[in-house]
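Here's the structure we're looking at; comments come further down.
Nothing in this text is a laboratory measurement; each read-out follows from the coordinates by a stated rule. Since this is a predicted model, take the numbers as computed values, not measurements. Neighbour counts are summed over all protein chains in view; Cβ atoms, including those assigned to glycine, are modelled from backbone coordinates with ideal geometry.
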Amino acid sequence: MKNPNIKLLLGDEAVAQAGIDAGISGFYGYPGTPSTEIITYAQRSKIAKERNVHTKWSVNEKTAMEEALGMSYAGKRSMVTMKHVGLNVAADAFINSAISGVNGGLVVTVADDPSMHSSQNEQDSRFYGKFAMIPIMEPSTQQEAYDMTRYAFDLSEKVKLPVLLRLTTRLAHSRSGVVTVEPKEQNKLNPPDDTHRFILLPSNARGRYASLVDIQPELVEISENSEYNKYFDGNDTSLGIISSGIGYTYLMDNFLETPNPYPTLKINQYPLPKKMIRDLFQKCDKILIIEEGYPVIEELLRNNIFEDNKVLGKLTGDLPRTGELNSDIVAKSLGLEVAEDISIPSLVKGRPPAMCVGCGHRDLYDELNTLTKEIGRRRVFSDIGCYTLGALPPYEAIDTCIDMGASITMAKGAADAGIFPAIAVIGDSTFTHSGITGLLDAVNENSPITILISDNYTTAMTGGQDTAATGRIAEICRGVGVKEEHLKLIIPLKKNMEKNIEIIRNEINYQGVSVIIAQRECVKFYKKM
Ligand SMILES: Cc1ncc(C[n+]2csc(CCOP(=O)(O)OP(=O)(O)O)c2C)c(N)n1
């Protein structure tokens, strides 16, 4: 008979379901691959709706982090979700939440993207967890993603700290059957009696930081005894293996038919369990570290704790230093034969992503590109979204894309240096995420820059989520101080091309801040809208 408690879930969905079943009261987050499906799943959940669980998108990762902390302050359980680079945006609140501590359980779920399938870098969030000195959970399977998320809420309430839950792309985006439990009740509203720890004046923060330092041995002890850090014995002590997160799954993919002969430590919880590691080092001649992302464990073990020459991994070339791991790469590092070559044959041509036929960004770039002869090249500062594809042929219309919001601020910096005209191209969601503050900098100095906000009424790149200010972007620009006569609305359609080019030309020649909002609904998501 079908078990109603088994669900076929993506890793992301398992985390969302676990949050709901752990009695969460609020999910907060900003979309970003590969984390987006956590909140989209929660938004569709019947029980989350019945329980009035907060599931709306926030303006950016920092606001999301602070909102989740506010809910935790109130005594309820909350989760904040983001992709790895989002943690850079949320970092101020994130690090300080470890100093204040939490009240209701707070889980910070960050999905890393090794190999940069859809990202600007492949930074490893475990560094942030270590930096903040808080516990980190790193599941190996979808079932563990479910179980560990619920455990993370309990742990967070036990040690009164936020817990970082680290996912990586393959786990977040692949499915498996997950056995679920009955949902718990939500916490009652219960703000803290003593609010001093949430007031990070130096006199309070010093004491809080000392407490955070003091609790570290207890966190190690908890890791040491955690059911999520496991030792598996093996006869062949010429090699010991430490594998974490999905690295363990890749390892065990190679031992489906024969047993793993090597003593192996499976790490899913940090800080690292020192005793368990010491025992493994004593037992084995060499230690291979299999971890997805940066060589975090490897560096800790090589540089700080034990003999260098025993440790093999990404720093010794036994595993690749960059990009994603997979079962075959792990097989090679163990000297095993790879069953079958699954690499893509050279016959298959690379297919770089392209803007959709009928996309308004295309028409905007066509208009901008007609002005290249007049304005010269290498002066278009852009940002992150579908419109970043304007960097590729046939458009080749933009010159930079660094991080969300950097178009306006880089254009301003270049204008400060003497580049004129300096042009910024930014999407509507990116503008509200982190473009508004840069616009205020430019307005305050009346910088000679032209900002093209390509407004398709959605966050298209990550799957068509709502944006924070649909229909209110002009109002925001006015409020920030853009002059009415230099705030223009255009509709990027072929039939308007000449008119639009004229408007862009005039504004580019203006020696101050001008904003042109190019409004046309996204061709892919207009039905949803
Ligand atoms: C700090 C950070 N958060 C999230 C993302 C994921 N992301 C990439 S582009 C984008 C928003 C794109 O929306 P918009 O600016 O409206 O452009 P569109 O894709 O709709 O053209 C997001 C959320 C990211 N790259 N960096």
Item to check | Linear extension gain, Asp236 paired with His196, 0.36 nm per residue minus alpha-carbon span | outcome: 9.0 nm
Item to check | Stretchable slack from Asn369 to Val338, in nm (0.36 nm times residue separation minus alpha-carbon distance) | outcome: 6.2 nm
Checklist entry - Expressed as a fraction of 2.2 N^0.38 Å, the rule-of-thumb size for a compact globular protein of N residues, what is the C-alpha radius of gyration of the chain? => result 1.06
Item to check | Relative contact order (percent, whole number), region 450-529, Cα cutoff 8 Å, 6+ residue spacing | outcome: 49 percent
Next on the checklist: Give the aspartates and glutamates reachable from Lys283 as a straight Cα distance under 17 Å; neighbours fewer than 8 places away on the same chain don't count.
Outcome noted: Asp233, Asp236, Glu307, Asp308
Next on the checklist: At 222 nm, what value in deg cm²/dmol follows for the chain if DSSP H runs of at least 4 each add -39500 (n - 2.57) and the sum is divided by all its residues, to the nearest 500?
Outcome noted: -10500 deg cm²/dmol
Checklist entry - Please state the relative contact order of the chain as a whole percent: Cα pairs under 8 Å, 6+ residues apart? => result 11 percent
Checklist entry - Expressed as a rounded percentage, what relative contact order does region 3-122 have, with Cα pairs under 8 Å and six or more residues apart? => result 27 percent
Item to check | Selected from Ala18, Thr63, Leu8, residue furthest toward positive end of dipole (region 1-72; charges at beta carbon) | outcome: Leu8
Checklist outcome for this item: The pairs in Lys184/Lys230; Lys62/Lys412; Lys230/Lys314; Lys230/Lys332; Lys184/Lys527; Lys7/Lys56 lying past 29 Å Cα-Cα in this model are Lys184/Lys527
Checklist entry - Over the chain, what is the percentage of antiparallel beta bridges among all DSSP beta bridges, to the nearest 5? => result 20 percent
Checklist entry - How far is it, in nm, from the label point at Lys349 to the one at Asn496 when both lie 7 Å from their Cα along the line to the Cβ? => result 3.4 nm
Item to check | Neighbourhood net charge (12 Å Cβ-Cβ; Lys/Arg +1, Asp/Glu -1) for Thr430 | outcome: -4
Checklist outcome for this item: Ordering 187-199, 88-100 by per-residue average of other C-beta atoms within 10 angstrom, highest first, gives 88-100, 187-199
Checklist outcome for this item: Distance in nm between Lys56 and Ala91 label points, each 7 Å along Cα→Cβ, equals 3.0 nm
Next on the checklist: Which order do the peptides 323-330, 479-486, 65-72 come out in when sorted by mean C-beta neighbours inside 10 angstrom, highest first?
Outcome noted: 65-72, 323-330, 479-486
Checklist outcome for this item: Ordering 312-319, 158-165, 370-377 by per-residue average of other C-beta atoms within 10 angstrom, highest first, gives 158-165, 312-319, 370-377
Checklist entry - To the nearest 10 degrees, how steeply does helix 61-73 sit against the main Cα axis of the chain, on a 0 to 90 scale? => result 50 degrees
Checklist entry - So how tilted is helix 11-21 from the main axis of the chain? Cα-based, degrees 0 to 90, rounded to 10. => result 80 degrees
Checklist entry - Roughly speaking, what is the stretch gain from Lys46 to Glu484, that is 0.36 nm per residue apart minus the C-alpha to C-alpha distance, in nm to one decimal? => result 153.1 nm
Checklist outcome for this item: The simple spin-label model distance between Asp253 and Glu521, using points 7 Å out along Cα→Cβ, in nm, is 4.2 nm
Checklist outcome for this item: Dipole check, the chain, charges on Cβ (K,R +1; D,E -1), about Cα centroid: among Tyr395, Pro139, Gly317 the Cα furthest to the positive pole belongs to Tyr395
